[in-house]
Amino acid sequence: MRVAAADRNVFGLDRRSVWPAVLVAVVVVLFGAVLPAVNHAVSPEETIEPGTVFDVGLGVSFTPVAGWLLNTDATTPGDVGLPGIIGISETGVLFSVAAEPFDGDLDEFMGIATDRRSDAVDKLHLTSPQQSTATSQGVTGLTETYNGIGVQGSLSVFVLDGVAVTVDADGPEGSVSRHAVEIDAMTQTILFGESGLDQ
Amino acid sequence: MNTVTETDFATAVERSGRSYAFRFVQPHNLAFWLYIVLLPIGIIYMLNLLNGSIRAFPTAFVLNAVLWILYSIPWVLFLRHEEMYDPEPAKLALVGFVWGGFIATWVMAIEANNAIISLVGKLGSPELARDWGPSIAAPFVEETAKAMGVVMLVLLGRRHVRNVFDGAVLGAFVGLGFQVLEDFLYSINAATAAGPGNEMQAVLGQFFGRGFMGGLWSHALYSGIVGAGIAYFVTRTDRSPGQRTGSLMLFAGSAWLLHFVWDSPFVNGTSIAALGMIARFVIYPLIFILAIRWASHQRREELGVLLTGEVALGTLTEEDVELLVMSRHERRKGLRHIKHEDGGAARLDERHRLRAARDLATALAKSHGADSDDVEQARAAIGTIA
């Protein structure tokens with residue numbers, strides 16, 4: 001763009017481009033910095049504090065990542081003798097850990113858990129075959145990922161001493177991949193045989 | 001054939017935008033410096049985000065890149081299609097593509113989308129965030145981020161944004177860049193999530209799922225609409241500020257609404273899958289085709305104005321110009337009629353004349369109607385065709 005001297009400001013810039021470019025810069029800062037800062041500043045009561053441990057029930061517990069929200073609608077706490085489910089959320093992802101009595105083996109329970117997800121998610125299809133996984137406690141399990149219409153998810157199961165644990169994370173397309181590291185970290189914190197911690 | 005005044009001709013030349021070359025490097029333009037600052041930020045953000053995945057799955061990365069480049073090719077062909085007569089400068093379209101792919105995506109949308117969905121969860125409920133978060137955040141954030149790309153193109157190549165059609169095409173390129181890089185991220189994430197041995201399957205699944213089953217070039221459609229609105233606001237200075245602002249809001253609102261519905265549980269959810277498929281494969285493409293046909297009709301009228309003088313000079317016949325300003329469908333019928341009357345060779349000659357006539361129109365626009373070397377060469381080329 002050729003610019004006449006009269007159209008330039010003190011910095012030698014074309015006056016006509018300055019304000020529109022400043023407007024673009026303001027929107028960039030708003031989206032890239034201000035909105036994330038506002039989000040970090042807003043902290044509702046259900047925000048999970050660092051060091052929190054949830055007792056799911058039947059002696060199973062896990063340590064969530066700080067900053068996620070306790071999803072009370074998706075939570076039915078159990079206790080030492082009762083099954084339960086704890087749900088926590090972040091940017092549209094619902095991560096839930098459920099414990100229940102189960103006498104079968106790991107493969108059998110994975111089939112049951114997959115069927116349950118198929119009932120809940122329309123047009124569910126697996127995007128990776130079952131793979132072996134393990135918690136930090138050393139309990140081995142199975143994991144798989146899936147897609148449905150508008151939904152992405154990952155499913156892991158563990159079975160130990162008559163207790164089965166289902167770990168499911170689902171959310172809008174792309175959201176679960178984005179939180180894959182946190183989901184994996186929380187899954188690894190699952191402990192069997194521990195209870196009486198935070199509710 | 002209607003007569004064409006000098007004013008009509010000058011207007012057609014001005015609207016063609018072909019009389020000015022596009023240069024990206026503009027040290028006196030603040031928009032240029034803003035672009036130069038933001039682009040490396042976007043690239044670094046992307047590399048930081050994808051670095052681990054790319055190192056872990058280099059083959060999947062290459063396959064991913066090849067697939068999404070192939071996905072972009074139809075748009076490049078569209079840009080260069082002869083029916084366009086006056087294609088946008090490739091450099092300007094590339095600047096728009098890069099804004100959409102590296103700045104709108106990584107510098108603006110990714111953090112803002114996450115922030116808004118998270119806020120919906122905190123201030124509303126986690127279920128609201130999961131079910132409606134993307135449709136609340138994405139239309140606002142992504143359409144605005146891409147619209148800023150169109151504004152940048154106007155600031156960098158003002159003389160090439162002469163009408164609504166220019167805005168639609170350039171907006172579509174910003175949207176295409178956004179979609180390709182966003183889907184590239186999804187695909188590489190899916191490869192990472194699928195793990196070793198399954199990464200290629202995951203990449204292919206994402207490509208067909210997001211690129212085709214999820215709707216063809218959806219971001220290009222939205223941004224094309226927004227781009228048309230911005231171009232209307234900028235170019236239609238004969239209208240009142242209220243009319244221009246209202247039209248801009250109408251175009252932007254339409255794109256926002258389409259994007260909102262697309263991301264909402266109505267289309268993208270688990271309950272009305274059939275409606276979603278109809279929207280993706282029938283309604284949305286239809287809207288896009290109608291918009292392009294409408295804009296293309298405006299372009300053909302300008303073509304007629306630029307070439308009318310050539311009838312008086314004897315370079316072209318009235319039939320040539322009439323064929324050029326017809327719709328593609330009508331022109332095919334006209335060419336079939338020529339074949340029926342005068343044989344296949346005559347039809348082929350006429351097609352060559354029409355192609356050369358488009359080149360002449362471009363040369364006339366560049367020279368503002370003067371008999372430049374390009375104009376004379378284009379006329380000579382037409383003269384060699386019987």
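The values are calculated or read from the model by the stated rules, or taken from the named source; none is laboratory data. From a predicted model like this one, the values you see are computed outputs, not experimental measurements. Quick reminder, even Gly has a Cβ in these numbers, built from the backbone with ideal geometry, and neighbours come from all protein chains shown.
Report those helices (runs of 4 or more DSSP H) wholly inside region B:90-181 carrying at least 2 residues which are under 22 Å from the mean Cα position of the chain (by Cα).
Correct list: B:90-98, B:126-156.
Return the residue satisfying two criteria in turn: it lies in region B:201-220 and is within 22 Å of the chain's Cα centre (by Cα) and modelled with pLDDT of 85 or more, and of such residues it is nearest to B:Leu290 (Cα to Cα).
B:Ala220
Hey, among A:Ile183, A:Ile190, which residue is touching a Ser or Thr at 6+ places or on another chain (Cβ under 8 Å) and either within 10 Å of chain B (Cβ to nearest Cβ) or closer than 23 Å to B:Val203 by Cβ (or both)?
On the way: A:Ile190 fails: either within 10 Å of chain B (Cβ to nearest Cβ) or closer than 23 Å to B:Val203 by Cβ (or both).
Criteria check complete, one pass: A:Ile183.
Restricting to region A:4-48, count the residues that are part of a loop (DSSP other than H, G, I, E, B), modelled with pLDDT of 85 or more and within 9 Å of chain B (Cβ to nearest Cβ). Break it down stepwise before answering.
Of the residues in region A:4-48, the ones part of a loop (DSSP other than H, G, I, E, B) are A:4, A:9-13, A:42-46, A:48.
When the remaining residues are screened for being modelled with pLDDT of 85 or more, the result is A:48.
From what's left, within 9 Å of chain B (Cβ to nearest Cβ): none.
Of the residues in region A:4-48, 0 are part of a loop (DSSP other than H, G, I, E, B), modelled with pLDDT of 85 or more and within 9 Å of chain B (Cβ to nearest Cβ).
Among (1) surrounded by fewer than 22 Cβ atoms within 10 Å (Cβ to Cβ); (2) within 25 Å of B:Pro285 (Cβ to Cβ); (3) within 13 Å of chain A (Cβ to nearest Cβ); (4) not hydroxyl-bearing (Ser, Thr, Tyr), which single condition is B:Met200 missing?
Answer for B:Met200: the failing condition is (2).
Which members of region A:153-174 meet the condition of being buried (at least 22 other Cβ atoms within 10 Å of the Cβ) and more than 14 Å from chain B (Cβ to nearest Cβ)?
Matches in region A:153-174: A:Val157, A:Phe158, A:Val159, A:Ala164, A:Val165, A:Thr166, A:Val167.
Within region A:91-100, identify whether any single residue is in contact (Cβ under 8 Å) with a residue 60 or more places away in the chain, of a type in the set (Ser, Thr, Tyr) and away from chain B (no Cβ under 13 Å), and answer yes or no.
Step one: of region A:91-100, the residues in contact (Cβ under 8 Å) with a residue 60 or more places away in the chain are A:91-100.
If we keep only those that are of a type in the set (Ser, Thr, Tyr) too, we end up with A:91, A:96.
Cutting the leftovers down to away from chain B (no Cβ under 13 Å) gives us none.
No, that holds for no residue.
Mind listing whichever residues of region B:187-197 are surrounded by 24 or more Cβ atoms within 10 Å (Cβ to Cβ) and within 8 Å of chain A (Cβ to nearest Cβ)?
Matches in region B:187-197: B:Ala190, B:Ala194.
Would you pick out the residues in region B:139-181 that are surrounded by fewer than 24 Cβ atoms within 10 Å (Cβ to Cβ), within 27 Å of B:Gly121 (Cα to Cα) and in contact (Cβ under 8 Å) with a residue 60 or more places away in the chain?
B:Pro139, B:Phe140, B:Leu181
Just name the residue that is surrounded by the fewest Cβ atoms within 10 Å (Cβ to Cβ) out of those in region A:61-78 that are in contact with a strand residue (DSSP E or B) (Cβ under 6 Å, 6 or more places away or on another chain) and of a type in the set (Ser, Thr, Tyr).
A:Thr76
Looking at B:Arg328, B:Arg332, B:Arg293, B:Arg351 in this structure, which one is surrounded by fewer than 19 Cβ atoms within 10 Å (Cβ to Cβ), within 30 Å of B:Ala255 (Cβ to Cβ) and out of contact with any Asp or Glu (no Cβ under 7 Å at 6 or more places or on another chain)? Steps first, please.
On the way: B:Arg328 fails: out of contact with any Asp or Glu (no Cβ under 7 Å at 6 or more places or on another chain); B:Arg332 fails: within 30 Å of B:Ala255 (Cβ to Cβ); B:Arg351 fails: within 30 Å of B:Ala255 (Cβ to Cβ).
So the residue among B:Arg328, B:Arg332, B:Arg293, B:Arg351 that is surrounded by fewer than 19 Cβ atoms within 10 Å (Cβ to Cβ), within 30 Å of B:Ala255 (Cβ to Cβ) and out of contact with any Asp or Glu (no Cβ under 7 Å at 6 or more places or on another chain) is B:Arg293.
Just need a number here: residues in region A:61-74 that are in a strand (DSSP E or B) and in contact (Cβ under 8 Å) with a residue 60 or more places away in the chain. Reasoning before the result, please.
Quick first cut of region A:61-74, residues in a strand (DSSP E or B) only: A:61-62, A:69-70.
Applying the additional criterion that residues be in contact (Cβ under 8 Å) with a residue 60 or more places away in the chain yields A:61-62.
Final tally of qualifying residues: 2.
Which of the residues that make up region B:280-299 are under 18 Å from the mean Cα position of the chain (by Cα) and either under 17 Å from B:Trp217 (Cα atoms) or among the charged types (D, E, K, R) (or both)? Show your work before the answer.
Narrowing region B:280-299 to residues under 18 Å from the mean Cα position of the chain (by Cα): B:284-299.
Passing the criteria: B:Tyr284, B:Pro285, B:Leu286, B:Ile287, B:Phe288, B:Ile289, B:Leu290, B:Ala291, B:Ile292, B:Arg293, B:Arg299.
Please verify whether region A:49-60 includes one or more residues that are modelled with pLDDT under 85, surrounded by 15 or more Cβ atoms within 10 Å (Cβ to Cβ) and in a loop (DSSP other than H, G, I, E, B).
Of the residues in region A:49-60, the ones modelled with pLDDT under 85 are none.
The answer is no; no qualifying residue exists.
Specify which of the listed residues (B:Val62, B:Val25) is under 24 Å from B:Leu204 (Cα atoms) and free of Cβ contacts under 8 Å to residues at least 12 places away in the same chain.
On the way: B:Val25 fails: under 24 Å from B:Leu204 (Cα atoms).
The conditions single out B:Val62.
It is to be established whether one or more residues within region B:309-319 are part of a loop (DSSP other than H, G, I, E, B), exposed (fewer than 13 other Cβ atoms within 10 Å of the Cβ) and without any contact (Cβ under 8 Å) to a residue 24 or more places away in the chain. If you could, list the steps in order and put the result at the bottom.
Here is the first cut: in region B:309-319, the residues part of a loop (DSSP other than H, G, I, E, B) are B:314-317.
In the following step, the residues that additionally are exposed (fewer than 13 other Cβ atoms within 10 Å of the Cβ) were identified as B:314.
Narrowing further to those that are without any contact (Cβ under 8 Å) to a residue 24 or more places away in the chain: B:314.
The answer is yes, given that some residue of region B:309-319 is part of a loop (DSSP other than H, G, I, E, B), exposed (fewer than 13 other Cβ atoms within 10 Å of the Cβ) and without any contact (Cβ under 8 Å) to a residue 24 or more places away in the chain.
When you look at A:Thr133, is it surrounded by fewer than 21 Cβ atoms within 10 Å (Cβ to Cβ) and either modelled with pLDDT under 90 or within 14 Å of another protein chain (Cβ to nearest Cβ) (or both), yes or no? It would help to see each step written out before you state the result.
On the way: surrounded by fewer than 21 Cβ atoms within 10 Å (Cβ to Cβ): yes; either modelled with pLDDT under 90 or within 14 Å of another protein chain (Cβ to nearest Cβ) (or both): yes.
It is true that A:Thr133 is surrounded by fewer than 21 Cβ atoms within 10 Å (Cβ to Cβ) and either modelled with pLDDT under 90 or within 14 Å of another protein chain (Cβ to nearest Cβ) (or both).
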